[in-house]
Amino acid sequence: MKRVRRFFNLKDLGRGKEKDTAAGTAVSTGSDDEDTRFTLNVETFSFKELSAATDNFNDYLLIGSGGSAKVYEGRLPGIGKVAVKRLSFGGVSRHTAAHLQRGFLREVFVLNSINHPNIVRLIGCCSEESERLLVYEYIYWGSMRKCLSELDWQKRMNTALGAAKGLERLHLQVNPSIIHRDIKSDNILLCMDFEPKVSDFGSAKIAPAGGAGSGQVGTFGYMAPEVAFCKSISIRSDIYSFGVVLLELITGRKAIDSKRQDEEQHLASWARSKLQGQNNIEELLDPRLPGCAPKFDDLNKALAVAWMCTMTDDVDRPEIGEIVQDLRCLADSFSDNKGSLSSAA
């Protein structure tokens, strides 16, 4: 089979007139630095089917949008409600189009073979002429960022734990490891029961054999220092981004908030400055947190995890397995023994 090398040349990934899956189809990630072939296991859909599923991509079914894609609620026969992401190639440069194509291939590559309760499930895809679409399971509540203010402490710690478990799958339970490269609150989705799922693998990358690569990929505010300065990138870069998400869950603040005073705009920097003095710990708890407040000790432990995750030097950050263990203890502790800051201080 011809290797996938050029934009709009994803051979055999589209579907013809007959209903079938593309199991056994070998494709590559299409990236010069990721010459990895894989067998396509998810279903493929025609553009006509996905257009019908979304009422011709009607705006009333739009559930999310960004600079390079729109996501629609859809309904497919025999499957039910789904989320359909349609990449936008109109009016973009050839360089941007090639970048979007690589992102499409990366997402298919990662989600094609990973089945985990804390990673969004890819149902199928479409590659037809100039169209590239991805079909996912429908996630009821949407992003963590959108509903953060409604989450109590236990739901927030469960969200952190579930997201960490998803990263654990990527970092430690597949070979070679996968770096997500864009962990943020917008990319953590919450199901009906508030179980979190890591999503958006368009920037994902196979961890280099030497342990680190380079390049500035991700979102400002979540980006690890070594990534921001284009020095290196590794699975520990994801750990930094996760630490920022954990700080969002604890504080209720945005990773970057230009409406705040200069010294408070960058969440990680502000929180770390506060954590240098133990007397400031209570100031870091979201003042609008619904429900019971955590014990002082539990808040302290959660902040200690965030502190370690956001260390400037990547070698000082913990592995995801340690984080999962610490967060599991925190989630269990609050469930078994609810308390308040005032009573435990």
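The values are calculated or read from the model by the stated rules, or taken from the named source; none is laboratory data. This structure is a prediction, so every number in the text was calculated from the model and none was measured. Don't worry about glycine lacking a Cβ; one is built from the backbone with ideal geometry, like all the others, and counts go over all protein chains shown.
Brief remarks follow.
- Restricting attention to segment 175-198, the residues being out of contact with any helix residue (DSSP H, G or I) (no Cβ under 8 Å at 6 or more places or on another chain) and over 19 Å from THR310 (Cβ atoms) number 5.
- Residue in segment 103-115 that is in a loop (DSSP other than H, G, I, E, B) and over 30 Å from PRO176 (Cα atoms) present: no
- Taking the criterion of being of a type outside the set (Lys, Arg) and either under 15 Å from the mean Cα position of the chain (by Cα) or surrounded by fewer than 20 Cβ atoms within 10 Å (Cβ to Cβ) (or both), the residues of segment 116-127 that qualify are HIS116, PRO117, ASN118, ILE119, VAL120, LEU122, ILE123.
- Once segment 195-234 is narrowed to residues that are in contact with a strand residue (DSSP E or B) (Cβ under 6 Å, 6 or more places away or on another chain), modelled with pLDDT under 95 and closer than 22 Å to ILE114 by Cβ, the residue that is surrounded by the most Cβ atoms within 10 Å (Cβ to Cβ) is ILE233.
- Entry remark, segment 118-131: residues being touching a Gly at 6+ places or on another chain (Cβ under 8 Å) and modelled with pLDDT of 95 or more number 3 in total.
- Qualifying positions in segment 53-98 - farther than 16 Å from GLU131 by Cβ and buried (at least 19 other Cβ atoms within 10 Å of the Cβ): LEU76, VAL82, ALA83
- No other residue among SER149, SER143, SER130, SER113 is surrounded by fewer than 17 Cβ atoms within 10 Å (Cβ to Cβ), small (Gly, Ala, Ser) and either under 20 Å from ALA255 (Cα atoms) or not assigned by TED's automatic domain parsing to the domain that holds PHE89 (or both) apart from SER149.
- Number of positions in segment 292-303 that are among the small types (Gly, Ala, Ser) and modelled with pLDDT of 95 or more: 1
- Residue in segment 278-291 that is modelled with pLDDT under 95 and buried (at least 18 other Cβ atoms within 10 Å of the Cβ) present: no
- Those strands (runs of 3 or more DSSP E) lying entirely in segment 19-94 with at least 1 residues modelled with pLDDT of 95 or more and at negative phi: 62-65, 69-76, 80-87
- Among the residues of segment 174-201, the ones that are under 12 Å from the mean Cα position of the chain (by Cα) and not small (Gly, Ala, Ser) come to 16 in all.
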